[in-house]
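The values are calculated or read from the model by the stated rules, or taken from the named source; none is laboratory data. Keep in mind the model is a prediction, meaning the values are calculated, not measured. Cβ placement follows ideal geometry from the backbone for every residue including glycine, while neighbour counts extend to all protein chains displayed.
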């Protein structure tokens, strides 16, 4: 762990983050965190907290975090989808080689409906893309 703390701490939440200014320059040398803003990732909104006005430095740091966070979330989305492909392959192998009739009865309808829905969405989206070309 490094001995130098960051100037800002972002407590991630589902739609963004709470932004804190990190302070160690106090009499007790304790780490204090003062909430300075709330960020909404979806619309990029930055709401200052406690009646304060954000400095240009604070705003720039928050905007940089938003851009980086959006990139991370986009990479995670693709990774999750690729993991889903792996799970579908593992599920097919399980259904063919290991599943009992009772297990297949338990999951078949839900899997078939989900795969039908996914297939319909993918075919429609592909047709839309091909139609634009």
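Annotations for the structure displayed:
- Where residue 73 falls short, out of the listed (1) assigned by TED's automatic domain parsing to the domain that holds residue 15; (2) free of Cβ contacts under 8 Å to residues at least 24 places away in the same chain: (2)
- Put simply, of 61, 37 the only residue that is touching a residue at least 40 places away in the same chain (Cβ under 8 Å), touching a strand residue (DSSP E or B) at 6+ places or on another chain (Cβ under 6 Å) and outside the structural domain of residue 118 (by TED's automatic domain parsing) is 61.
- In the condition set (1) on the phi > 0 side of the Ramachandran plot; (2) surrounded by 11 or more Cβ atoms within 10 Å (Cβ to Cβ), residue 59 is compliant with all but (1).
- Among residues of the range 97-109 that are modelled with pLDDT of 95 or more, those with a Cβ under 7 angstrom from a residue that is part of a helix (DSSP H, G or I), sequence gap 6+ or separate chain, pair up as 104/95.
- Pairing each residue of the range 6-23 that is on the phi > 0 side of the Ramachandran plot and in the same structural domain as residue 72 (by TED's automatic domain parsing) with any residue that is part of a strand (DSSP E or B) and surrounded by 19 or more Cβ atoms within 10 Å (Cβ to Cβ), provided the two are 6+ apart or on different chains, yields C-beta distances under 8 Å for 16/39.
- Residue in the range 106-122 that is within 30 Å of residue 47 (Cβ to Cβ) and surrounded by fewer than 10 Cβ atoms within 10 Å (Cβ to Cβ) present: no
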